[in-house]
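Worksheet: the structure to be examined is printed underneath.
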Amino acid sequence: MTTLSPPRGAGRAGSSSPARSPRRQRDRRSWTGWGFIGPFMAVFALVFLAPIGYSIYLSLFRDQLVGGTTFVGFENYQRAFEDPQFWSALGRVSLFLAVQVPIMLFLALLVALALDSGRLYGTNFFRISIFLPYAVPAVVATIMWSFMYGSRFGLIGNINDAFGVSIPDPLSPELILAAIGNIVTWEFIGYNMLIFYSALRVIPHSLYEAAEIDGAGQLRVITAIKLPAIRGALVIATIFSIIGSFQLFNEPSILQKLAPNAITTYFTPNLYTYSLSFSGQQHNYAATVAIIMGVFTMIIAYAVQLRGMRKEA
Amino acid sequence: MGTPASAVRLRTPRRPRPPHSVNRPRRSLTLTLLTGLVLVYTLVPLVWLFINATKTQGSLFDSFGLWFSGDFALWDNIGKTLSYNDGAFVRWLLNTLLYVVAGAGGATLLAVLGGYALAKFTFPGKRGVFAVIIGAVAVPGTALAIPTFLMFSQMGLTNTPWAVIIPSLISPFGLYLMWVFASEAIPTELLEAARIDGSSEIGTFFRVSLPLLAPGIVTVLLFTMVATWNNYFLPLIMIKDPDWYPLTVGLNSWKDQAATAGGEAIFNLVITGSLLTIIPLVIAFLLLQRYWQSGLSAGSVKE
């Protein structure tokens, strides 16, 4: 059971595993538990397991106007690996991931540490206000930022007019990825901050007292006590962010109408599967790309988890 | 009689404190200002949204983005937003409420029952259940969306509310949160005691466990609510009929209207509609702050 215990989430770093068997003394296993988890598993099978199976099935066929559906084995997979549009999309989200995720998580961590230090005026106000963007739908966030980016009635336009400068257009092909990175950072900085903050609150204060007696400074407390203690939360936040980056869809898809030259139909892997499915009617190939991305994401997430947790032992 | 206590109380404020002990750190203006930069970053777009929801379409273009223009058109904008296109916004709002009540409510119910089972029962196949659910958390939701769409399309469920509600019913994160919360919040001894007293498992769940799970339930409900209220991708692919749009998809269709040939630009309504869309969730988070924050840090009261 312990080997299957999930990654520790917010607020649980270092505490006992929830999977510890509560009724080990009782040998007779009861089916009562299924009565409670049964409904979840039934819906789960319908919306998780069945689509995965169906998508694997689809990926092995090709649907043609002439000739109907034929079994093609791994041909779709081969096509994906030789598809420059797929690679371009994957490269773009990888670049996004390499730049945006560290910046966002670093900022979130700094804010969480600042809040946890108790040295701020109005800690509660800061915490709830910085968290608020999480409640804003991606659609609204993207609409707000795209209007602000705009040169017509946006802030960029205002600044250009007021100072007689010309800030480069964030919606241009060169800057669009950074502009999206800013929106995503804005949306999730508070959420990650909250994960880190909850984990920091669990650290026993006796550790800080001991460190103080030993003459440790603030920085030393952070590096020697706080960061190791919230490693679990850091790993979780990193994994969620990686999954999020590979899934990037909402922001580019909403911006597409405003910046059609900058955002192609294969801007991200997800946008690509969406375009393949709904504009190109290539469901089989879309399913293949979705599977490859799913497997790819799982491998990366798993590797990060292994790396992150290894040092804990 | 009360002398010693009041003496202590009188003396407390005068007790000399170490300048910055761990439990009573000295407040820092510099740190507050630096964190304030992040605060400004998170709040400016929201302030921008509010300010611009008070402007007419015309003054959106000729006034400074971060300050009010001459005429205060907020109420007028709200009225127009609600009535534009035969009240499409109200229809979308009701759809969103339906999706949230059924989707997030159902997801919370399933997560509470499932998390409780994982935390408090041993049953055949439990290891398998763990493995499958944890594996599934790593599967990107959007990788599933297209096969789910195709499946639902064959079942005739697309373009109906079911297509949005059914996939919303599963929240692996909610299940995980409930599982952690239930194992901390419900002492196993209490369940044993209830069983010895002859209470049925269902009865025990409702009378003993449910009250103890309340903060966890509020937390899961709030997070599934956000997920459903803010969901865009799923309804985008599942729903073609604007009558079944949720707010997110509807708002985006209004925004795109300006870019389509012959479409009327309604930026003021898009902005006001955006404001109206976020207000309920912001209020929910502010009002329920105490509950969801205690639910999130379940088991954190170790000292």
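The values are calculated or read from the model by the stated rules, or taken from the named source; none is laboratory data. No experiment lies behind these values; they were computed from the predicted model shown. Using ideal geometry, Cβ is built from the backbone for each residue, glycine included, and neighbour counts are taken over all protein chains shown. The protein model used for the area step is the full one, side chains on, heavy atoms only, and it has no ligands, DNA or RNA in it. Shrake-Rupley method; radii C 1.70, N 1.55, O 1.52, S 1.80 Å.
Per residue of the protein assembly as shown, the DSSP helices (runs of n ≥ 4 H) give a summed -39500 (n - 2.57) that works out to -20500 deg cm²/dmol at 222 nm. Shown are A:Tyr191, B:Tyr291, whose ranking by accessible area with a 1.4 Å probe and every protein chain present, most to least, is B:Tyr291, A:Tyr191.
Mean projected area of the Cα convex hull of the protein assembly as shown, taken over all directions, amounts to 35.5 nm².
Taking a Cβ cut-off of under 13 Å around B:Ser83, the surrounding Lys, Arg, Asp and Glu residues balance to a net charge of 0, with basic ones at +1 and acidic ones at -1. In terms of accessible area, using a 1.4 Å probe and ignoring ligands and nucleic acids, A:Glu187, B:Glu189 rank largest first as B:Glu189, A:Glu187. Basic side chains Lys and Arg get +1 at the Cβ, acidic Asp and Glu get -1 at the Cβ, and with that the dipole of segment B:74-297 about its Cα centre reaches some 300 debye. For B:Thr260, the accessible area of its heavy atoms, probed at 1.4 Å with every protein chain present, is near 70 square angstrom. Translational diffusion of segment B:74-297, estimated by Stokes-Einstein from the Kirkwood radius over alpha carbon pairs at 4 °C in a medium of 1.567 mPa s, is 66 µm² per second. Legend: residues in segment A:284-309 shielded by at least 40 square angstrom of accessible surface upon adding the remaining protein chains to the isolated chain (1.4 Å probe, heavy atoms) are A:Ala290, A:Met298. Taking a virtual spin label 7 Å from the Cα of B:Arg195 along the C-beta vector, which residues in segment B:204-218 bring their backbone nitrogen under 18 Å of it? From segment B:204-218, the list is B:204-210. Shielding of peptide A:261-273 by partners, expressed as the average count of other chain Cβ atoms within 10 Å per residue Cβ, is 1.
Residues of segment A:178-206 buried by at least 40 Å² of accessible area upon assembly of all protein chains, compared with the chain on its own (1.4 Å probe): A:Trp186, A:Leu194, A:Val202, A:His205. Once backbone amide H atoms are built at 1.01 Å from N, A:Leu120 has B:Ser28 as its partners under 5 Å, excluding neighbours fewer than 5 places away on the same chain. Note on chain B: with neighbouring protein chains present and a 1.4 Å probe, carbon and sulfur make up 67 percent of its accessible heavy-atom surface. Per residue, the protein assembly as shown exposes an accessible area of 45 Å² to a 1.4 Å probe, with every protein chain left in place. Ordered from highest to lowest accessible area with the whole protein assembly present and a 1.4 Å probe, B:Leu213, B:Leu286, A:Leu107 read as B:Leu286, A:Leu107, B:Leu213. Interface of B with A. Using a 1.4 Å probe and counting protein heavy atoms only, the two chains hide about 10600 Å² of accessible surface, both sides summed.
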